[in-house]
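The values are calculated or read from the model by the stated rules, or taken from the named source; none is laboratory data. This one's a predicted model, so the numbers in the text were calculated from it and none came from an experiment. Here Cβ is always computed from backbone atoms with ideal geometry, including for glycine, and neighbour counts include all displayed protein chains.
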Amino acid sequence: MDVRTYNTVGALPGADWDSLASGSTIYSTAGFQGVREEELPQGAQARHIMAHDADGTVAAGLEAYTFTRPPHALYTPADLLAGLVDEERHAAVASRPLAIGAGWSEFRGQVVHRPDAGPEQRTAAVEALTTEALNFAKQAEASVLAYYYLPREDALDIARAHEHAGAVLLFHDVETVLPIGLWDDLDDYYAWLPAKRRPRARREVRTFRESGRTVREVALPEVVDRIAPLNSALMRKHGHDYGVARAAEVYGRQGRYLGDRSTLLLAEEGDSPVGFALRYRHQDMLYARVAGFDYGYANKADYFNLVFYHPIAQGTGRTTRAIHLGLGTFEAKLSRGAQPVPLYTVLVGVDQPLGADPDAVRERNREETEAFGAAYARHVVGGLDTEDWQL
């Protein structure tokens, strides 16, 4: 494989990259890489890596970044390695620069491949891309190269490519996906739900409709100033120092790069916005990025109507296969029909193997997948067997 690297999104052949990203998530597109580039903290560096076949055809791509400190609390390798490596190695990981492959935001990473790539081509491409990512990490004197929040196939591919370096493969978290393509309308959805859950769904739909609130669909750039206070309110409610100006900056930036892919549902009472749900469209999927609300208004099941019921009632499922809902709030999402999808993280020692205890890694993976099943399997429509998530 011929490997080519680009230091900026501006230098990246965006059309070639997005031809690879057609089979991945919105968060792996060139547009989201542009967002991430502008959000890089001081001292961070980026590499956009592309692998080409012998005939010059682009085959696969991988983002890689280096940081002097973790860019977010949930991208902290030392936290994942606690109890798996010895104290000296753990201290080195915690104190030295780090590298992150496959994206460092949105809690979803992926290697992008040509849609028709076969197993041998995927393997060759991943080996070439990860070799370059490891070299980049070495140049930054990072102690660890981490690939976060990967789908299972990518995680296994990357772990195999780094097997010589003692890669640590961990079950990490769960994303939820609403299979909206199963239903033409709310009647289909109600019939699909278990009988005991239907009254709550009907009640939440009725509560919102009787409130007199309306929902209209707009593009993000049209309403950045209107949604910024709502998003700030949501973040502050959950303990984050996140003012209106910062929210406007964040979503103004996303509007510049991704406005043509955005579809935002805005709930209004009269002329006043009371809530919103921002989604991005990619292929036959929607990606629910963020919501926000004005807590000065009574809650009329606004979140569930914007994220679940209104799209179903609109007939979104006739053109959209699924809506990705991200991490967290599992009971609320799963009990209303979202399905769980496991995500994994691969950690690689840069200057030397991490030396993780294989038995401890296996036991942690077993315990954490079983714990998720014990807590949430009863909420999953159709049931859940986390044995399939084991590594």
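Residues that are closer than 19 Å to Tyr344 by Cα and hydrophobic (A, V, I, L, M, F, W, C) within the stretch 378-391 comprise Leu384, Trp389, Leu391, listed in sequence order.
Any residue in the stretch 192-201 that is touching a residue at least 24 places away in the same chain (Cβ under 8 Å) and under 30 Å from Leu74 (Cα atoms)? Steps first, please.
Kept after step one, since they are touching a residue at least 24 places away in the same chain (Cβ under 8 Å), are these residues of the stretch 192-201: 192-194, 197, 201.
Now narrow it down to the ones that are under 30 Å from Leu74 (Cα atoms): none.
Checked the stretch 192-201: no residue is touching a residue at least 24 places away in the same chain (Cβ under 8 Å) and under 30 Å from Leu74 (Cα atoms).
Do we have any residue at all in the stretch 245-253 that's modelled with pLDDT of 95 or more and among the basic types (Lys, Arg)? Yes, the stretch 245-253 contains at least one residue that is modelled with pLDDT of 95 or more and among the basic types (Lys, Arg).
Among the candidates Glu210, Glu163, single out the residue that is surrounded by fewer than 19 Cβ atoms within 10 Å (Cβ to Cβ), of a type outside the set (A, V, I, L, M, F, W, C) and not assigned by TED's automatic domain parsing to the domain that holds Gly292.
Values: Glu210 fails: not assigned by TED's automatic domain parsing to the domain that holds Gly292.
Exactly one of Glu210, Glu163 is surrounded by fewer than 19 Cβ atoms within 10 Å (Cβ to Cβ), of a type outside the set (A, V, I, L, M, F, W, C) and not assigned by TED's automatic domain parsing to the domain that holds Gly292, namely Glu163.
Here is a yes/no grid of residues against (1) touching a helix residue (DSSP H, G or I) at 6+ places or on another chain (Cβ under 8 Å); (2) basic (Lys, Arg); (3) on the phi > 0 side of the Ramachandran plot; (4) without any contact (Cβ under 8 Å) to a residue 60 or more places away in the chain:
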| position | (1), (2), (3), (4) |
| --- | --- |
| Gly252 | yes, no, no, yes |
| Gly259 | yes, no, no, yes |
| Ala267 | yes, no, no, yes |
| Arg279 | no, yes, no, yes |
| Ala301 | yes, no, yes, no |
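Considering the stretch 1-18 alone, what residues qualify as being touching a helix residue (DSSP H, G or I) at 6+ places or on another chain (Cβ under 7 Å), outside any loop (DSSP other than H, G, I, E, B) and touching a residue at least 24 places away in the same chain (Cβ under 8 Å)? The answer is Val3, Thr5, Trp17.
In the stretch 131-152, which residues are polar (S, T, N, Q) and more than 20 Å from Ala91 (Cα to Cα)? Break it down into steps so the answer makes sense when it comes.
If we filter the stretch 131-152 for residues that are polar (S, T, N, Q), which is where we start, we get 131, 135, 139, 143.
Within the stretch 131-152, Thr131, Asn135, Gln139 meet the criteria.
One residue alone among Leu234, Leu278, Leu286, Leu220 is modelled with pLDDT under 95 and either closer than 25 Å to Thr176 by Cα or among the polar types (S, T, N, Q) (or both), and that residue is Leu234. Among the numbered conditions (1) in contact with a helix residue (DSSP H, G or I) (Cβ under 6 Å, 6 or more places away or on another chain); (2) over 16 Å from Thr176 (Cα atoms); (3) not aromatic (Phe, Trp, Tyr), tell me where Arg321 comes up short. It is condition (2) that Arg321 fails. Here Glu127 passes the criteria (1) modelled with pLDDT of 95 or more; (2) on the phi > 0 side of the Ramachandran plot except the one numbered (2). Restricting attention to the stretch 95-118, the residues that are within 10 Å of Ser143 (Cβ to Cβ) and over 24 Å from the mean Cα position of the chain (by Cα) total 2.
I'd like the full set of residues that are in a helix (DSSP H, G or I) and either in contact with a His (Cβ under 7 Å, 6 or more places away or on another chain) or without any contact (Cβ under 8 Å) to a residue 60 or more places away in the chain (or both), limited to the stretch 19-50. Can you show your working first?
Start the filter on the stretch 19-50 by keeping residues that are in a helix (DSSP H, G or I), which leaves 19-23, 26-28, 30-39.
Residues satisfying the conditions are Leu20, Gly23, Ile26, Ala30, Gln33, Glu37.
Please work out which residue is nearest to the chain's Cα centre (by Cα), limiting yourself to the stretch 144-160 and to residues that are more than 22 Å from Pro70 (Cα to Cα) and buried (at least 20 other Cβ atoms within 10 Å of the Cβ). Once the filter is applied, the top-ranked residue is Asp154.
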